[in-house]
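Written below as structure tokens is the structure these notes are about.
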Amino acid sequence: MKMFMIVDDAPVIRKVANRILSDLGFAVVEAADGFDALEKCRYSMPEVLIVDWDMPKMSGIEFIEEFRRIEGNEQTKLVYCTSEIMVSEMTRAKRAGANGFLMKPFNREILIHKIQEVGIEIADKDSQAA
């Protein structure tokens, strides 16, 4: 079972993403900030991370930079989540190691598309129906 980690300071975003991903058959871990997420990644590396751009204590880009320094992260896909189209921020995130981007608000179809876009297969095709 593939493990996803959702890193976002907004409980509602974590809850929505967790519900969608769990319904698709993925194991889901949540983190409310970058420091918590880094600690959890050092313990158990997820296959995919969805990381918010604006969090307290550590920005999304700072998190990506730190995460990419952890040994064993090479296969992990990282999706940078933002509520605004900010080309300079998105470029910085890509350079830091983001594999894709997700705009808020998102729904089930958008999240499925982004998961597939970064190369993660969804095993249960029946669960893709909205």
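The values are calculated or read from the model by the stated rules, or taken from the named source; none is laboratory data. Keep in mind that what you see is a predicted model, and the values were worked out from it rather than measured. Virtual Cβ from ideal backbone geometry, glycine too; neighbours counted across all protein chains shown.
Here Ile85, Ile50, Ile64 are screened, and the one residue that is buried (at least 18 other Cβ atoms within 10 Å of the Cβ) and either modelled with pLDDT under 95 or in a helix (DSSP H, G or I) (or both) is Ile64.
Determine whether the stretch 21-33 contains at least one residue that is within 18 Å of Leu111 (Cα to Cα), assigned to a helix (DSSP H, G or I) and not charged (D, E, K, R). Yes: one or more hits. Are any of the residues in the stretch 9-18 of a type in the set (D, E, K, R), crowded, with 18+ Cβ neighbours inside 10 Å, out of contact with any Cys (no Cβ under 7 Å at 6 or more places or on another chain) and assigned to a helix (DSSP H, G or I)? Yes, the stretch 9-18 contains a residue that is of a type in the set (D, E, K, R), crowded, with 18+ Cβ neighbours inside 10 Å, out of contact with any Cys (no Cβ under 7 Å at 6 or more places or on another chain) and assigned to a helix (DSSP H, G or I). Considering only residues in the stretch 21-47 that are over 13 Å from the mean Cα position of the chain (by Cα) and in contact (Cβ under 8 Å) with a residue 40 or more places away in the chain, the one that is surrounded by the most Cβ atoms within 10 Å (Cβ to Cβ) turns out to be Leu24. Only a single criterion out of (1) in a loop (DSSP other than H, G, I, E, B); (2) in contact with a strand residue (DSSP E or B) (Cβ under 6 Å, 6 or more places away or on another chain) is not satisfied by Ala93, namely (1). On inspection, Asp36 does not qualify as more than 20 Å from Lys2 (Cβ to Cβ) and in a loop (DSSP other than H, G, I, E, B). Scanning the stretch 67-82 for residues that are among the polar types (S, T, N, Q), surrounded by 14 or more Cβ atoms within 10 Å (Cβ to Cβ) and in a loop (DSSP other than H, G, I, E, B) yields a total of 2.
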